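One structure is given here, and the rest of the page talks about it.
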Amino acid sequence: MFDFVNKKKRVVQVIMGIAVLPFLFWGVESYRQDGGESVIADVEGEKIHRREFDQALRDHQDRMRSMLGANIDVAILDNPELRSSVLDRLIQQRLLRLESINMGMTVLDSQLVRAISDIPDFQQDGQFSNQRYEEMLSRSQMNPLMFESRMREEIMLQQLLDAYTDNGFISNTVAKKVMYLSEVEREVNLAEILPDQFLSQINPSEKEIADYFDNHQVDFHLPERARVEYVVLTLNGLAEKQVVNDDEINEYFEEYKHNFEQAEERQASHILLSIADTATIEEKAAINEKAINLLEQIKQAPERFAEFAAEHSDDPGSATQGGDLGFFGRGVMVKTFEDEIFQMQPDEIRGPVETDFGLHIIKLIGIKEAKMADLAEVKQQIKQDLQKYKAGAIFGEIAEDFSNTVYEQSDTLQYAAEEFELTLHRSDWIDSRSTEPEILANERLLNAIFSDDTIKDKRNTDAIEVMQDTLVSARILEHRIASTQSLTLVKDEIIERLKDIQAAEMAIEDGEKKLAQLRSGADDVVTWDEPKQISYLQPQNLDTPILQAVFKAPLTKLPAYVGIANPQGSYSLVRINRSIEPAINMAEDASKHKSLSQQLQQMINQEEMSSYFAELRKRYDVTIMQQSMEY
C-alpha cells in the first residue's frame with residue numbers, strides 16, 4: 001500500500017504508547033526476585049531490567065491491540081520472535097544513547113518545543129493546547145518532565161539515525177540497470193529429467209548396503225528417550241477461574257472510558273502520477289496536464305475510478321486494489337494529502353493534490369465517525385483483563401505453592417494435579433532435543449527430565465517456567481538408553497536411500513549428456529513444454545538458480561541452452577528462444593525510475609542501519625542473560 005508514513009509521528013507513537021489497560025503482568029521469576037529487578041541484558045554496564053523489558057513488551061502489545069482491534073489473535077501478542085524484537089529495540093536504544101553521548105550530541109530547547117508543538121495529539125483547532133498536552137500525558141501516567149526528557153532523547157537518537165537514513169545515494173546508472181533487468185524478458189521452453197524414471201534400473205548390492213550402513217551409523221542412532229507425565233500451571237488457566245461481576249466491569253469502563261474512544265477514520269482511493277526528482281519544468285507541466293485531463297475523464301465516469309487507478313496509477317501497491325488505501329486516521333498520511341481527505345464528502349473526487357510523491361487524484365470512499373465504544377462491545381475483553389489482573393495478584397503465591405508441592409510430593413504428580421485442579425498429561429516418546437509437544441520443548445525442562453535424579457530416582461522435576469507465567473513439572477514413566485539400530489532393522493530404509501541417491505546421479509548424468517547434444521545442434525533430444533515469457537519480476541514459478549542461469553547465458557546464437565542440477569535430484573534443461581527488450585515510454589519510465597530508486601534507497605538504508613547496529617554491538621559490550629528470557 002502507498003506509504004505516506006511520517007517518521008516523526010513514529011517517534012511520538014513509540015514514546016506515547018498509551019496502554020489500553022494499566023496492568024503489568026510479569027513472569028513468575030519477577031515475583032521471586034527483588035520486585036522484578038532481575039537483569040535481562042547488560043549494555044556496556046547499563047542494565048536492562050526485567051521490569052523495563054516487561055513494560056516495553058506490554059506497551060508494544062497495547063499498540064498492536066490498538067492498531068488491529070478487538071479481533072486480534074492473542075497468539076501473536078507474545079511469542080519468542082516478538083520478545084526478541086522488543087529486547088533488540090531496548091538494546092539499540094542503549095547503544096544509540098551511548099554513541100550519541102560519546103559524540104557530544106545535544107538537542108536545543110527550541111527543537112524540543114517545536115517538535116512537541118507539532119504533535120497533533122497535543123493540538124486543538126490546529127494550535128498547541130497546554131491543557132490537552134497535560135491531559136494526554138496524565139492518561140499515559142507521565143508528567144511533562146518525564147515526557148520531555150524522553151522526547152529530547154528520542155530527537156537526539158533520531159538525529160543520529162538520520163545520518164544513515166537520509167544520506168544514502170542510488171546512482172541513475174544503478175537504478176536504470178536494475179529497472180532494465182527487472183523488465184527484460186526471455187522466451188523459453190523447459191524440460192525436466194526426473195530421477196523417478198531411473199529407479200527401476202537400480203538394485204543396490206549387499207556390499208553397497210553394508211558400506212552405507214558403516215559410513216552413516218549416526219543416521220540410525222536412537223538417542224536417549226523417555227515417556228513422561230506432566231502438569232502445567234499457567235496464569236491464563238488461573239485467570240479463567242477468577243470471578244468478575246458486572247459492577248467491577250462497569251466501574252472499570254467508567255474509569256478508563258477514554259481508552260475506548262475511536263477517532264474518526266476515513267477510507268480513500270487515489271491515483272498517483274509520480275514526478276521524478278530530476279524532472280524538468282516541461283516534464284512536470286506535462287504530468288500536471290495529464291492529471292487534469294484524467295480528472296476530467298473520471299468526473300465524467302466516477303463509477304470507473306477503480307479502472308482508471310488500475311490503468312494509470314504509479315502506486316503499485318494500491319493500483320491493483322483500484323487505488324484503495326483502506327481506512328486511516330489523522331497523523332498517518334502526508335499532511336497535504338490528509339488535510340484534503342478530511343475536508344471531503346463521501347464519493348467526492350478532488351485533484352490534482354501535490355505531495356513529495358507526485359500528483360494525486362483522490363476519491364473519498366467512506367467515513368467512520370469518531371465514537372465511544374459501547375460497554376457491550378468491550379465487556380468480554382474487560383472481563384478477561386480483570387480476570388488476568390486478579391490472577392496476577394495471586395499467581396506468585398500459587399506458583400510458589402505449586403513448586404513446593406511437586407518437590408515435597410516428589411514421587412507423584414497426582415497430588416499436585418488434584419490440589420491445583422490441573423490435568424495430568426502423558427507424552428509419547430521424547431528425547432533431549434524434542435520439539436513436540438511444544439510445552440515440553442524447553443531446554444531447561446528437557447535437561448531436568450533427563451537428569452540422574454529424575455531417571456534413577458523417578459522424582460518429579462522442579463517446577464520450571466517454560467514460558468511467561470507457565471510452570472511445568474514432569475516425571476518419567478518409562479526410559480530407554482541411547483542405542484544404534486541393527487542393519488537388519490534399517491536395511492529397507494537404506495535400500496530406498498541408495499535408490500534415491502543413484503537415481504539422482506543418473507538423472508544429472510543424463511541431463512548433462514543431453515545438454516551437450518543440444519548445444520551441438522541435435523534435435524528431438526527431449527520433449528519441450530509450451531513456450532513462456534519469464535523475467536525477474538515474473539519468473540513463472542522457476543527457481544532462482546534456473547532464472548539466474550537463463551539471464552546469464554550468452555545469446556550470440558539462438559536458440560541457446562542451459563542446464564541446472566536441482567537440489568531435489570532432478571535436472572532442468574532450458575531452451576532460450578529470444579530476448580524481449582522492455583518497451584520505452586519516457587513518461588512512464590520516469591515514474592518507474594523514481595519509484596524503483598525509492599525502493600532501492602529504502603533497501604540500502606535498511607542495510608546501512610543493520611550494519612551500523614552490528615558495528616555498535618561489536619564496539620560496546622552487550623550481554624543477554626538467555627536464562628532470564630526463557631519464560
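Please treat every number below as a calculation from the coordinates, not as lab data. Everything quoted here is computed from the prediction, not taken from an experiment. Glycine also receives a Cβ, built like all others from the backbone with ideal geometry; neighbour counts cover every protein chain displayed.
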(message) Which of M64, M103 has the fewest other C-beta atoms within 10 Å, and how do the rest follow up to the most?
(response) M103, M64
(request) Classify the stretch 297-348 as rounded, prolate or oblate, taking a ≥ b ≥ c as the square roots of the eigenvalues of its Cα gyration tensor: rounded when a/c is under 1.5, otherwise prolate if a/b is larger than b/c and oblate if not. (result) oblate
(request) State, as an integer percentage, the relative contact order of the stretch 264-369 based on alpha-carbon contacts under 8 Å between residues 6 or more apart. (result) 46 percent
(request) Would you mind estimating how fast the stretch 519-581 diffuses translationally, via Stokes-Einstein at 10 °C and 1.306 mPa s with the Kirkwood radius over Cα pairs, in µm²/s? (result) 125 µm²/s
(request) Rounded to whole Hz and in sequence order, give me ³J(HN,Hα) for the stretch 150-158 from the Karplus expression 6.51 cos²θ - 1.76 cosθ + 1.60, θ = phi - 60°, writing x for Gly and Pro. (result) 5, 5, 4, 5, 5, 5, 4, 5, 5
(request) Give the span of the stretch 408-521's Cα atoms along each principal axis, as three whole-Å numbers ordered largest to smallest. (result) 82, 37, 21
(message) Please list, ordered by chain and number, the residues whose modelled amide H lies under 5 Å from the amide H of L222; skip anything fewer than 5 residues away on the same chain.
(response) S483, T484, Q485
(request) Given the peptides 208-219, 347-358, arrange them by the average over their residues of other C-beta atoms within 10 Å, most packed first. (result) 347-358, 208-219
(message) Apply the Karplus curve 6.51 cos²θ - 1.76 cosθ + 1.60, θ = phi - 60°, to the phi angles in the stretch 357-363 and return the couplings in whole Hz, x for Gly and Pro.
(response) 8, x, 9, 10, 10, 10, 10
(request) Which order do the peptides 181-190, 556-565 take when ranked by the mean count of other beta-carbon atoms within 10 Å per residue, highest first? (result) 181-190, 556-565
(message) Checking the cross-link filter: which lysines have an alpha carbon closer than 21 Å to that of K383, excluding same-chain neighbours under 8 positions apart?
(response) K241, K257
(request) Could you please rank E443, E81, placing first whichever residue has the fewest other Cβ atoms within 10 Å of its Cβ? (result) E81, E443
(request) Compute the Rg to Rh ratio over the stretch 179-243 from the alpha carbon atoms, using the Kirkwood formula for Rh, and round to two decimal places. (result) 1.39
(request) May I have the count of lysine pairs in the stretch 264-369 with C-alpha atoms under 20 Å apart, counting pairs 8 or more residues apart or located on different chains? (result) 5
(request) Would you mind classifying the stretch 137-212 by shape? Square roots of the alpha carbon gyration tensor eigenvalues, ordered a ≥ b ≥ c; an a/c under 1.5 is rounded, otherwise it is prolate if a/b is larger than b/c and oblate if not. (result) oblate
(request) Report relative contact order for the chain in percent, whole number only (criteria: Cα-Cα under 8 Å, sequence separation at least 6). (result) 25 percent
(message) Please give the Cα centre distance for the stretch 219-244 versus the stretch 413-447, rounded to the nearest Å.
(response) 4 Å
(message) What are the ³J(HN,Hα) couplings of the stretch 107-117, residue after residue, when phi is run through the Karplus curve with 6.51, -1.76, 1.60 and θ = phi - 60°? Round to Hz, x for glycine and proline.
(response) 10, 6, 4, 5, 5, 5, 4, 5, 5, 5, 5
(request) Please express the shape of the stretch 264-369 as an equivalent ellipsoid: the semi-axes are the square roots of 5 times the eigenvalues of the C-alpha gyration tensor, given largest first in whole angstrom. (result) 22, 16, 12
(request) Mind sorting out which of (1) 29; (2) 35; (3) 8 is the real percent of Cα pairs over 50 Å apart computed from the coordinates? (result) (2)
(request) Would you mind classifying the stretch 481-631 by shape? Square roots of the alpha carbon gyration tensor eigenvalues, ordered a ≥ b ≥ c; an a/c under 1.5 is rounded, otherwise it is prolate if a/b is larger than b/c and oblate if not. (result) oblate
